[in-house]
Amino acid sequence: MVRSRDTDVGTCVRKVIEEESLPRAPAVLDGHLHGAVAFASWPRGYLPVAPRRDAIMPQVLARFGDVQTFGFRANATIELNEALRGRWFIGVNSELGAGDGASLSYALRALIGHRSALSRITTSVAIGVGVSDLGTYAPRGLEIPLEERVQVRFGSTFVHLWVEARSVFFSEMRMFDRPPLGIDEYTLGGGLSFEIGDRRIFAGAAYETRVAGTSTMFLLGIPVGDGY
């Protein structure tokens, strides 16, 4: 067993594995020797980085309250380079459905953010730009969304929590009397993703508040990839 507490981890592993600094076992002992490389602790500056996790999650959605819509929603993320003991990512959140009076409702938001993981907890924060139209009481407007997400793993089950805040422009019915870049709309959500047979399922709900009032959104989706 090789232990490393004060030695550079990369150097230690490279010497043992790549440079084969340990002598080879005699042929007669082949198949009878077993070993492991164990590290007593991660030296400063060598904390592990979360593996890349690209994902897409199509969902059906139903929104009830002062703003009502029914349709489909999709979240997608692609992770990029490692940075700050995590990974940068780009993402897209979209909605398409019917609003009040059978009018078309939609939302499209592009995001860039950073995700980091520690043991069973993964957190991310992102900012972006988007456009949405959710019907009579939430007409078309330009958005600057900011979102924070937390994911906690319990075996094969994941608990999801998220907060979204949006500044809205060019839509007076959705804008409070506020300073520039103030917040007009909030979303607080939570959900679970879990396995049923060979398939993962996501079920969640979110509480929304905006100038027109409040709404509750229910979501049911099928995650694809490792992000959910």
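Can you tell me the order of 132-139, 99-106 when each peptide is scored by its average per-residue count of other Cβ atoms within 10 angstrom, highest first?
Working: 132-139: 20.6, 99-106: 14.9.
Averaged packing, sorted descending, gives the order 132-139, 99-106.
Based on the mean of other beta carbon atoms within 10 Å per residue, what is the order of 195-201, 107-113, most packed first?
107-113, 195-201
What's the local net charge at A98, with K and R +1, D and E -1, over the other residues with C-beta under 15 Å away?
Here the charged neighbours net out to -1.
Read-outs throughout are calculated quantities, based only on the coordinates presented, and are distinct from any laboratory measurement. The structure displayed is predicted, hence computed values, not measured ones. All Cβ positions, even for glycine, are placed from backbone atoms using ideal geometry, and neighbour counts span all protein chains on display.
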